[in-house]
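Notes follow the structure.
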């Protein structure tokens, strides 16, 4: 079998695996289970890190909530009542770490920032989270050593815990939980990398459980499917080479 054909087959296998994963995610419905208002502070380690040849800068950040209020009342999810109200202290006691990527080296600009991180001491569980902030306004002096972020409303904040595991709201364990809503930046210390903010929004939960494949898991799946394809092709080749085969 030609090597180029093997590579094309491997590429098709990986694309198929990604398509299956994406289709499962796209068809999933979400349920709103809570609304909230909150305020907090983000501490970024200064200066941020950038590598030669890249077009952005990464800031290691730790965020804490100083105020939090969940709306009273419960929501029905998967046949179970879910209520965040009264669990505020659990989430305020948590620390939310993320390595936040900003796609430019200098300002001014309005950008989409994104990052991956962890949740410490409870609030959110699962150990990992994904964060995006759309329409983030950067001032003219923004750089890796100066966090010039403009104050005011308008940042679209979205945080997802792919695998919820928290004792505060155990009814959601094993689900993907997302908070989304607008964020207002109330003050910024650009030299020390300190951002104060307020936000409000809603909490959404996936209706199904789709185990997230890690990079290693995806590679294992691709290799496994590739192996099955090679076996099938080798059998077909053997059958085609047999006496009397067409």
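Throughout, read-outs are computed from the coordinates displayed, never taken from laboratory work. Since we're looking at a predicted model, the values are computed, not measured.
To one decimal place, what orientation-averaged projected area in nm² is obtained for the convex hull of the Cα set of the stretch 81-210?
8.2 nm²
Only Cα pairs under 8 Å and at least 6 apart count here; give the relative contact order of the stretch 63-193 as a rounded whole percent.
19 percent
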